[in-house]
1. Of the residues B:Arg307, B:Arg337, only one is modelled with pLDDT of 90 or more and farther than 23 Å from B:Ala82 by Cα; which?
2. Among B:Ile270, B:Ile280, which is in the same structural domain as B:Ser97 (by TED's automatic domain parsing) and assigned to a helix (DSSP H, G or I)?
3. Suppose we keep only residues that are part of a helix (DSSP H, G or I) and either farther than 28 Å from B:Gln57 by Cβ or within 11 Å of chain A (Cβ to nearest Cβ) (or both) within the stretch B:412-433. Which one would you say is most open to solvent (accessible area, probe 1.4 Å)?
4. So if I check each of A:His98, A:His108, which one is within 7 Å of another protein chain (Cβ to nearest Cβ), under 30 Å from B:Ser21 (Cβ atoms) and open to solvent by less than 10 Å² (accessible area, probe 1.4 Å)?
5. With respect to A:Ser306, determine if the residue is assigned by TED's automatic domain parsing to the domain that holds A:Ala145, open to solvent by 20 Å² or more (accessible area, probe 1.4 Å) and assigned to a helix (DSSP H, G or I).
6. Condition check: out of contact with any strand residue (DSSP E or B) (no Cβ under 8 Å at 6 or more places or on another chain) and either of a type in the set (Val, Ile, Thr) or open to solvent by less than 10 Å² (accessible area, probe 1.4 Å) (or both). Does B:Ala114 satisfy that?
7. Determine, yes or no, whether B:Ser336 is surrounded by 21 or more Cβ atoms within 10 Å (Cβ to Cβ), of a type in the set (S, T, N, Q) and within 18 Å of the chain's Cα centre (by Cα).
8. Quick check, is A:Phe392 free of Cβ contacts under 8 Å to residues at least 40 places away in the same chain, of a type in the set (Phe, Trp, Tyr) and out of contact with any Asp or Glu (no Cβ under 8 Å at 6 or more places or on another chain)?
There are 2 protein chains.
Amino acid sequence: METRATTIEAYLRTVDELPVSPTLDVTKVRSFAESFTFKQSFAPEEAFRLIASELIQSQVHTPHPQYFGLFNPAPTAMSIAADALVATLNPQLAAWSHSPLAAEMERHLVISIADKFGLPRSQADGVFTSGGAEANQTALLAALAQRWPDVALCGLRGLKEEPVFYVSAEGHHSFLKVARAAGLGASSLREIEVTDDLRVDLDSLRAAIQRDHTNGYAPFLLVPTAGTTGAGVIDPIRHIGSLAREQGLWFHVDAAWGGAAALGPELHSILDGIELADSITFDAHKWLSVSMGAGMFLTRHPDILSRCFATQTAYMPKESEGMQVVDPFAHSLQWSRRFIGLKLFLSLAVAGWDGYAAAIRHQREMGKLLRDRLIKDKWKIVNRTPLPLVCFTDGETKWDTNICQRIANAVVASGHAWISTIQLGKRSSPHFVLASPTTKRNRITSMLCSLF
Amino acid sequence: METRATTIEAYLRTVDELPVSPTLDVTKVRSFAESFTFKQSFAPEEAFRLIASELIQSQVHTPHPQYFGLFNPAPTAMSIAADALVATLNPQLAAWSHSPLAAEMERHLVISIADKFGLPRSQADGVFTSGGAEANQTALLAALAQRWPDVALCGLRGLKEEPVFYVSAEGHHSFLKVARAAGLGASSLREIEVTDDLRVDLDSLRAAIQRDHTNGYAPFLLVPTAGTTGAGVIDPIRHIGSLAREQGLWFHVDAAWGGAAALGPELHSILDGIELADSITFDAHKWLSVSMGAGMFLTRHPDILSRCFATQTAYMPKESEGMQVVDPFAHSLQWSRRFIGLKLFLSLAVAGWDGYAAAIRHQREMGKLLRDRLIKDKWKIVNRTPLPLVCFTDGETKWDTNICQRIANAVVASGHAWISTIQLGKRSSPHFVLASPTTKRNRITSMLCSLF
């Protein structure tokens, strides 16, 4: 145990000195993995040290202060402790009676976060998920079940109409997977074009719904995004919510990353209208800095999860019969599952809402710093967002996709920082997310030096 | 960090002295959870100690040697260490280039376990899942995609025929959830009746398929169970596999628990026919004693996962373009996800295949011991299985469902052991699973004393 704690502490103490990303060598990592035939057995400390050391050499270090990547956090110390404790106690989060406190801690978190979004506490419900994709899948199933209660029994083939739903062309591609997995097929997903500032074009959205009605399709769900993966833009949530209400459609906000704005008083207003949502996706493993994965599905419909997922079995524990509690397995896509919520609970207990508000304020300042520096150096910022995600070009035509990707590849290969690129309209741009509490002013300066 | 390691070590050292299960008090656990308003902040060690101590008082202790429960393991020390390390390094298992070694370690495990089941190594593929439910869901989607390649685009409503599939009436209810979530609806699931020994009745299965053909339905999937939740029975895998081949149906074996028999040389033959499977569900967080959740979907069709889940995005990392590797997000229902496989990798590195074979042998011996003791005391064993799962009655008519449940409730409430009950046909029975390496001979004797 001592070696293991030491290894973990040493990593956290020294990660900022490591190359942010490894050299990619398929043969090397594959050979290492396959060298374990499991025919001989290793001493525990030897196995741990050997494998930990190799893993540390062979990954992109999301906890590194120069990781400007895709919303993957430097995990809080409390989430590491929580994951170790969860693995030790190994509670079973299928039956309430098996893990009563764990179930109630998750319930309290779900309601507390829903409350931050302005959902009414008395109706708020939800569930932790493996990630945002499962939360989005849950939203789709909830929307279908609300509109067509017979679907659970009779399936989609029993419907007279063809369901269709709407997501921004800049929205997350998990909706494509989800549309397929739900039996709707990719063709049920209407990707709505965006305006010049990369937000859903409301006129196009209205026109698409109208066209679908005319052609006999059945619109059932609108999904604005609060913080797109590409440019961090916030769709016009209130307008889309009003449209959903007017048309009687389920209104789901994909706030996987940007939803954290609800915890920062200065930013809360950018989510204006989210309080109308029928459901919300939020990922605690993004801006709230807990280790992967900790997705959340939140809703204002307290009965919808049971309607989607409840089932009677002869073999589930019965000790809580008659109590006013919810068995998690009857309330989510998953069945037996990990106690996902503890890492958020412990992190929140230590940071408090104020601690998270301060962290969010810090990232925004770092975002502003990066933007200001780039503008001063004559770069052109190409995304408009209040969130700390920065995209830019040289303002000339020379900066084509290949050059941009080559710059990013060179930075990544140097191990000095990790950045990605993004296609915004016809042009490619570097893509910086300021997501880590350890990214201070000097780290941004230093990264810029390595870039140019 | 020190307090945390100490807390974890102390728990593991003393868990066998704790009551196995807590008194259920909704108000108490709810009040404790809600007492955290997150308005003030706790010192890290104080928060950890307070919450860990309360959790320890308020859960069923799956690591306790008198936990005879539903396949939830006493986790290996290596899986606890692995979960802590995973939380620390926090690798992102969506893009191969982000976590190349983690991705290759999971790939190696998938192929190694598939090999144990007799799937051809050169074709074997698969993915870790949040649990068995997601693995079963993956199987359903794979079976649909294989039979109707257009489903991914056009959805189920585009099909001329109504898909139906077959699971034992004793199979896992996750298939009901899965049928709903896939848009097939619960009515697509044919629960096949069982014979007196609780195995799928082959004649009924054949008749059901024939009837569905006659009525214009489209059978596409057969699912035998290797180790049912209720009685631990193994369906006639080879016969069902032959039937599936003959009829051109996808053949999926739900071996979530019983699949571990593939690791015990004496038990391997009970899985006879599993090598014919198109796909297999296996849960490492059951008999392989790793912490929750570590489901696996295994298949002999190397292209099927990509056909189900692949999608192109502008924002995913591109460093591995051109390399012969698989990006995990294009290969599973999940997108960003936790490094699930490390806890199995480390546990296997330390135990080796031989260590797991010995553990399986031990549980079987404990199962035999319990059975022999019960028979000697004139109880009647009512389930036939080579696996260590024991159900029994008094052989008289007096033992009705209420009495049985009252006995189980009394045992659970005493905190002396944890058992559940199961309905087998018309009668109720206590349900004992011998799942923990720490359950030795004296623990079984002691549990029997507390029972009667």
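1. Just one listed residue meets the conditions, B:Arg307.
2. Details: B:Ile280 fails: assigned to a helix (DSSP H, G or I).
Step by step, each of B:Ile270, B:Ile280 is checked, and only B:Ile270 is in the same structural domain as B:Ser97 (by TED's automatic domain parsing) and assigned to a helix (DSSP H, G or I).
3. Within the stretch B:412-433, the first condition is being part of a helix (DSSP H, G or I), and the residues that meet it are B:412-414.
With either farther than 28 Å from B:Gln57 by Cβ or within 11 Å of chain A (Cβ to nearest Cβ) (or both) added as a condition, the list becomes B:412-413.
Numbers: B:Val412: 13, B:Ala413: 83 Å².
Here the answer is B:Ala413.
4. Details: A:His108 fails: open to solvent by less than 10 Å² (accessible area, probe 1.4 Å).
None of the other options fit; the residue is A:His98.
5. Details: assigned by TED's automatic domain parsing to the domain that holds A:Ala145: yes; open to solvent by 20 Å² or more (accessible area, probe 1.4 Å): yes; assigned to a helix (DSSP H, G or I): yes.
So A:Ser306 passes the test.
6. Details: out of contact with any strand residue (DSSP E or B) (no Cβ under 8 Å at 6 or more places or on another chain): no; either of a type in the set (Val, Ile, Thr) or open to solvent by less than 10 Å² (accessible area, probe 1.4 Å) (or both): yes.
Here the answer is no, as B:Ala114 does not meet what is asked.
7. Details: surrounded by 21 or more Cβ atoms within 10 Å (Cβ to Cβ): yes; of a type in the set (S, T, N, Q): yes; within 18 Å of the chain's Cα centre (by Cα): no.
No, not satisfied.
8. Numbers: free of Cβ contacts under 8 Å to residues at least 40 places away in the same chain: yes; of a type in the set (Phe, Trp, Tyr): yes; out of contact with any Asp or Glu (no Cβ under 8 Å at 6 or more places or on another chain): yes.
Yes; evaluated as a whole, the condition is true for this residue.
The values are calculated or read from the model by the stated rules, or taken from the named source; none is laboratory data. Every value quoted in this text rests on a predicted model; they were computed, and no experiment measured them. Neighbour counts run over all protein chains shown; Cβ positions are idealised from the backbone, glycine included. Side chains included, ligands, DNA and RNA excluded: accessible areas come from the protein's heavy atoms. Shrake-Rupley method; radii C 1.70, N 1.55, O 1.52, S 1.80 Å.
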